[in-house]
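The values are calculated or read from the model by the stated rules, or taken from the named source; none is laboratory data. Since this is a predicted model, take the numbers as computed values, not measurements. FYI the Cβ positions are ideal-geometry reconstructions off the backbone, even for glycines, and counts take in every protein chain you see. Just so you know, the surface numbers come from the protein's heavy atoms only, side chains and all, with ligands and any DNA or RNA stripped out. Shrake-Rupley method; radii C 1.70, N 1.55, O 1.52, S 1.80 Å.
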Amino acid sequence: MRFVVIGGGIVGLATAHRITLEHPDAEVTVVEKEQRWGAHQTGHNSGVIHAGVYYKPGSLKATLCKAGSASMVDFCREHGIPHKVTGKLIVATEESELPRLRSLYERAVANGLPARLVDAAEARELEPEVACVQGIHVASTGIADFGAVCETLATLLEKAGATLRLGARVRGISTLHGETVVHTEVGDIFADVLVNCAGLHADRVAKMAGITPPARIIPFRGEYFELRPERRHLVNGLIYPVPDPQFPFLGVHLTKMVDGSVHAGPNAVLATAREGYSWSRVRPGDVADTIAYPGMWQLARKHLRYGLTEVRRSLSKKRFAESLARLVPAVTAADLVPASAGVRAQAITREGALVDDFLIVAEGRQVHVLNAPSPAATSSLEIAKYIVDRLPK
């Protein structure tokens, strides 16, 4: 049987690897339009191995993230990939946030996670510079080099005999005599089974394959700063605010990475291109797609004030620093230097609802991953199992 996986991010590579494990006699091909693996969402994320605190109990995100955090640590350990289980501190910085913090703690407990409530003094034992009235410590959160995970998966795929094609942008998908034909810039590829893990372009690939996606990908840029090297001592691990449950974004936070650097962010602004990593990156076709989509207007009506707040923070380093100083008062604008941004592929329905869970659609001999933002990197090995279990036998 011939399997073609479109997309060379961490989910696509993990899925292809899983196929080689469960179908060792199959022909597996991975196509990626860029010249390297994990070039977009995977290569621009915060490197956090999420525990699964935020997700609705019983949802795909909750179940796959919890399992994925363990399997990702095991994978990194097995293959010598830089990683660390650091734990994470989620803090309420004022009394008004305590009800949300306690609801989040109850959700963490319902998801079976090693979480505990800590008072202000206990929080400062973990993070001496933090400011809070109460917090949650989640012991199973970690950090990893997801770029190295992608490279390792690609190496394992090569050893398993898979065909890996970089620089192979998909131009169309058709059916010929009952076979699926993936038309790429480097030639046609015939498939018995198609798996779409195209991330920022997943809805477009689905349309090429004759599927009507139940949601549209809308790109949101997350902008980051780093702490200057001499200020990295202000953060020991990961410090997060209490998120607003109305939004899929967790708010600006501080993350000590595997290399010792401290990332600060991200905020969340509407991107002007599917791969719009800066305000100057504008793709008129992508902008037109966003503007023409009814769901985007519905979303804007609901969350205009939130969106404007994010834009103002995007345009002001001072505002960005003030948001961080709510967590760690010692942080100032002078401590921040720009870091690379990321773009989140967020699926939105025509009614303007943010798709909160992973969205994976199986139809005939095709599987389409239509919503897999964070914690997809954490969950990637488990998402791969989930997909392969739903492939035609």
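Descriptive notes on the structure:
- If you check LEU354, LEU324 for being over 23 Å from GLN41 (Cβ atoms) and touching a residue at least 24 places away in the same chain (Cβ under 8 Å), only one passes: LEU324.
- No other residue among ILE10, ILE49 is within 13 Å of the chain's Cα centre (by Cα), surrounded by 24 or more Cβ atoms within 10 Å (Cβ to Cβ) and closer than 17 Å to ASN196 by Cβ apart from ILE10.
- Residue check for PRO392: open to solvent by 10 Å² or more (accessible area, probe 1.4 Å) and modelled with pLDDT under 95: yes
- Restricting the range 324-346 to residues that are touching a Pro at 6+ places or on another chain (Cβ under 9 Å) and not in a strand (DSSP E or B) leaves a set whose member that is surrounded by the most Cβ atoms within 10 Å (Cβ to Cβ) is LEU327.
- In the condition set (1) modelled with pLDDT of 95 or more; (2) over 26 Å from GLU179 (Cα atoms); (3) open to solvent by 40 Å² or more (accessible area, probe 1.4 Å), TYR386 is compliant with all but (2).
- Within the range 124-133, the only residue that satisfies the criterion of being open to solvent by less than 70 Å² (accessible area, probe 1.4 Å) and over 14 Å from PRO329 (Cα atoms) is LEU126.
- ALA154 being closer than 30 Å to VAL186 by Cβ, under 19 Å from the mean Cα position of the chain (by Cα) and either open to solvent by less than 40 Å² (accessible area, probe 1.4 Å) or β-branched (Val, Ile, Thr) (or both): no
- Scanning the range 2-12 turns up no residue that is touching a strand residue (DSSP E or B) at 6+ places or on another chain (Cβ under 7 Å), more than 21 Å from GLY276 (Cβ to Cβ) and assigned to a loop (DSSP other than H, G, I, E, B).
- Each residue in the range 314-323 was checked for being among the hydroxyl-bearing types (Ser, Thr, Tyr), under 24 Å from the mean Cα position of the chain (by Cα) and part of a loop (DSSP other than H, G, I, E, B), and 0 of them qualify.
- Cβ separations smaller than 6 Å between residues 6+ apart or across chains give the following pairs from the range 72-83 residues that are more than 15 Å from THR378 (Cβ to Cβ) to residues that are at pLDDT 95 or above and of a type in the set (D, E, K, R): PRO82/ASP145.
- Inspection of the range 88-99 identifies at least one residue that is open to solvent by 20 Å² or more (accessible area, probe 1.4 Å), in contact (Cβ under 8 Å) with a residue 24 or more places away in the chain and among the charged types (D, E, K, R).
- Checked against the criterion of being in contact with a helix residue (DSSP H, G or I) (Cβ under 9 Å, 6 or more places away or on another chain), at pLDDT below 95 and farther than 21 Å from LEU250 by Cβ, the range 340-347 contains not a single residue that satisfies it.
- If only residues of the range 100-123 that are open to solvent by less than 30 Å² (accessible area, probe 1.4 Å) and in a helix (DSSP H, G or I) are counted, the one that is nearest to LYS256 (Cα to Cα) is ALA123.
- Residue in the range 242-260 that is free of Cβ contacts under 8 Å to residues at least 60 places away in the same chain, over 20 Å from ALA353 (Cα atoms) and either part of a helix (DSSP H, G or I) or among the aromatic types (Phe, Trp, Tyr) (or both) present: no
- Count of the range 44-78 residues, restricted to those that are in contact with a His (Cβ under 7 Å, 6 or more places away or on another chain) and part of a loop (DSSP other than H, G, I, E, B), is 1.
- Within the range 263-313, considering residues that are part of a helix (DSSP H, G or I) and small (Gly, Ala, Ser), the one most open to solvent (accessible area, probe 1.4 Å): ALA292
- Pairs, first in contact (Cβ under 8 Å) with a residue 60 or more places away in the chain in the range 369-382, second part of a strand (DSSP E or B) and among the basic types (Lys, Arg), C-beta under 7 Å, six or more apart: PRO373/ARG344
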